[in-house]
Amino acid sequence: PLESKNKRFDGAGRIKNFGSELARRTIGSSRVCSRDLACEDHEQFLAEVDDLWNASRSGYVSTVERDAAYLNWKYYQHPVNHYMSYSVRSQSGLQGLMIARHDPEESVIADYCGPADDVRLMCELAAAVVEDLAHRKTVRIRCETTHPPMVEALKGAGFLASRHVSRFRVRSNTAESDILAGWFLMTGDSDNEMLPGLDAAAAKSSPDAHP
């Protein structure tokens, strides 16, 4: 796992009200090659995500199908946790997106959908997520991944290797030395990502809970 190198953010991000007004910024120096980056706070994923995934899926050896139906079910229809998506668009359409969850103590970058080897795009998205979550106030940001290009992108966005052991547990019936070889996994692929929210919800509904 990787986590942000800053123990606490000061919230002085360049993008204000990033999640509340669908704020946008432009990446690139010319209109021809410029790309818009936006945060969409609990919007439904549409057919453009299917197009993005269909164009990107061949770059992955083994991974979950990250189409609109799956991402809506996994994140926007989650019964407890609240997720936000960060997207990069150009004149040709949606280029990539990243999904995150804010928490005052530990925020999480949960998922990514886009080209498998576009480190610059991943880094732009990760940097935008960090900037927004810093503005919302959080102590640290965590992300787990098995994908080397994503690791490189996260490091470029200011993440360091975490001191904590990954909560991922993988079992295989084969004798391969590296059972994760070829797999693209992100934090949201683990059921453990749901546990903090479910534990908090259970605590609030407990008869022994106090206001």
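Per residue, the solvent-accessible area of the stretch 37-132 (1.4 Å probe, heavy atoms of protein chains only, all protein chains present) comes to 39 Å².
Using a 1.4 angstrom probe on heavy atoms only, work out the carbon and sulfur share of the accessible area of the stretch 30-98 in %. Solvent-exposed carbon and sulfur of the stretch 30-98 make up 50 percent of the total.
Each peptide in 80-93, 134-147 was scored by the mean count of other Cβ atoms within 10 Å over its residues; highest first, the order is 134-147, 80-93.
Based on the alpha-carbon gyration tensor of the stretch 33-164 and its eigenvalue square roots a ≥ b ≥ c, which shape applies: rounded if a/c is under 1.5, prolate if not and a/b is larger than b/c, or oblate? Since a/c stays below 1.5, the shape of the stretch 33-164 is classed as rounded.
The values are calculated or read from the model by the stated rules, or taken from the named source; none is laboratory data. Bear in mind the structure is a predicted one, so any value in this text is a computation, not a measurement. Because the Cβ atoms are built from the backbone with ideal geometry, glycine has one as well, and the counts that use them run over all protein chains shown. Protein only, heavy atoms only, side chains kept; ligands, DNA and RNA dropped before computing areas. Shrake-Rupley method; radii C 1.70, N 1.55, O 1.52, S 1.80 Å.
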